[in-house]
Amino acid sequence: MADSLRRLVNTSTYSILQDKLESWYKDYHLVSCDQNLNRCCELLELTSKVQGQLFTILNLTAREGGHYAGVDTLKSRFLPWLGSCFSIASSGVTSDTSFSLIQESKEKDMKIRELSISHEHEIKKMETQLNSAQMQLNAVKQELEDAQLDLDETRNKSATTLLATEDEIIQLKADLMTARDEAQMYKRKLDILDDYERQMRMLKDEISILTTEKSLLQDRLIRSRSSSPIGHRSRSPSPLPYLRSESPSWTRLSNSTRQSRMISRFNDIYSIERLDAQSLLKRYIDDIEMVQRIIFIATVESFHAAKMAFRQFRLRVRKTLSPTHTGPESLDDTVMDYIIRNLDLYDVQSSVNDVIRAMNVNPKISFPPEVDFILISSFIREVCRLAFSMQTLEPALDIAFTTDGELFSDNKYRRSYDSEYTAPLVAYHVWPALMEGDSVIVKGEAVTKRGALVMCLIWDSVSNRSFYTKSKQLYPRILRRDTVLKESSQSRVTG
């Protein structure tokens, strides 16, 4: 018995039976009816073989137990099972029932055959549709390839046309640039012709002005020979302001001519008006250094006041002319031309008052109570007028920035006669240098001494201390001077 059971276990009949059942279950709805019946019969055959082997093992097991062993089990389980199976089969199935079952099975077979036939027809129909769709897809692919070829051909033609168009555009741009260059060249030539005509008119005006000045100078020279030349030179002002204010063609002079005249006037103020103011201050101040400092500070403050007045005057003129400005010239050129033609509208007395007010509070100047800076107001007036006129040049002229104790520069200054020529630092300045941008037009004058830096520090500390300690004494005098200046300005306006 044990060998039969071992063979049954080793053959794995139930495992094979289970696998076949699962495979049949998966393919039941896919295969035909005959295939399903064949698989069912195959399973019945396997089941019968297994049952035969089990009955053999049952027989062998019963023999091994003897005549009476296993009788109870057979009676209680095997025999009732056999009786129930045969009784159910015999009682439940009649001849009519079997006939009906056979009839139903035939009908089901017929339905299965019809379904299989319809299924095959549908499959064939779907295959036919699939073939037609495949043919249509191939036709569409062919059309797409033809369209791609046409697109590539069109793209190549467009690229060729685009290259030709770009070449034409480049050629047209080159022609346009050439035409613009020619137009610019003709415009420059036209501007040059206009400049030549303008310069010719200006030169004619200058010739007429110079002729007038020459005659006036000759008349003045004849008159000066009959009087004292020294007194006339020391007290009479330069003829340039008179000619500049009286001559109506002064504004039509060229920039270079006006610049040369202003430089000449700057030198005249240094050599004439400055010495007159210095001689006037020497009557009240014995210290020549203080006198030179006063004149230098008056010159610097005059330039500062004139520049401030020029900016304000230009803003007013610009504000006035901007609403009605028309013409080829720019607004700035029109404003500057108006200022040049109307220099007499400059309120020089206001600048003189500002300079005197600034000098009254300058801590570097010490002077006796009886001295009033109105004594040198004529000098300040001339410097203010000249500084205001210098702002109308292109580029404008200005004085160099100076500080006491700075390093002496031969390019900007010349040493005074009482200087120490080996000293490297400037003790104080006598006259400022005239600058055009960063270039020196006219050199100034400075005094160099050894120990200038220490002297400047001591001078600044003493000046500041004296300024603060004497502020109460200076304030009434400043008020008095301001009152005098205002009265003189009002009398000038009313006159």
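Express the carbon and sulfur contribution to the solvent-accessible surface of the range 287-413 as a percent, rounded to the nearest whole number, probe 1.4 angstrom. Solvent-exposed carbon and sulfur of the range 287-413 make up 52 percent of the total. Legend: residues Tyr186, Tyr270, Tyr25, sorted from most to least accessible area (1.4 Å probe; ligands, DNA and RNA excluded), read Tyr25, Tyr186, Tyr270. The label-point distance for Ser215 and Arg198, in a model that sets each label 7 Å from Cα toward Cβ, rounds to 3.0 nm.
Annotation: amide H of Gly444 within the under-5 Å range of Tyr413, Arg414, Ala433, Leu434, sequence separation 5 or more or interchain, hydrogens built in the peptide plane. Remark: the range 186-194, residue by residue, has Karplus-estimated 3J(HN,Hα) of 5, 5, 4, 4, 5, 5, 5, 4, 5 Hz, where x stands for each Gly or Pro and the curve is 6.51 cos²θ - 1.76 cosθ + 1.60 at θ = phi - 60°. Here the Karplus relation 6.51 cos²θ - 1.76 cosθ + 1.60, evaluated at θ = phi - 60°, turns the backbone of the range 47-60 into coupling constants of 5, 5, 5, 5, 5, x, 5, 5, 5, 5, 5, 5, 5, 5 Hz, with x for every Gly and Pro.
Using a probe of 1.4 Å, the accessible surface attributed to Cys41 totals some 70 Å² when neighbouring protein chains are kept in position.
Spatial offset of the range 288-340 relative to the range 140-191 amounts to 57 Å, using the alpha carbon center of each.
Extending 7 Å from Cα along the Cβ direction at Ala159 and again at Lys20 yields two label points whose distance is 7.1 nm. Of the cross-linked pairs Lys20/Lys124; Lys364/Lys449; Lys214/Lys443; Lys282/Lys364, those separated by over 24 Å at the C-alpha level are Lys20/Lys124; Lys214/Lys443. Note on surface exposure: Tyr346, Tyr284 rank Tyr284, Tyr346 by accessible area, highest first, 1.4 Å probe. Of all aspartates and glutamates in the structure, those lying under 14 Å Cα to Cα from Lys412, and not within fewer than 8 positions of it along the same chain, are Asp398, Glu436, Asp438, Glu445. 3J(HN,Hα) couplings calculated from phi for the range 150-163 with the Karplus curve 6.51 cos²θ - 1.76 cosθ + 1.60 (θ = phi - 60°) are, in sequence order, 4, 5, 4, 5, 5, 5, 4, 5, 5, 4, 5, 5, 5, 4 Hz; Gly and Pro show x. Leu345 exposes around 90 Å² of accessible area when a 1.4 Å probe is run over every protein chain in place.
The values are calculated or read from the model by the stated rules, or taken from the named source; none is laboratory data. Fair warning: this is a prediction, and the values are worked out from it, not measured in the lab. No Cβ is skipped: glycine too gets one built from the backbone with ideal geometry, and neighbour counts run over all protein chains shown. Side chains are part of the model used for accessible areas, which takes the heavy atoms of the whole protein and leaves out ligands, DNA and RNA. Shrake-Rupley method; radii C 1.70, N 1.55, O 1.52, S 1.80 Å.
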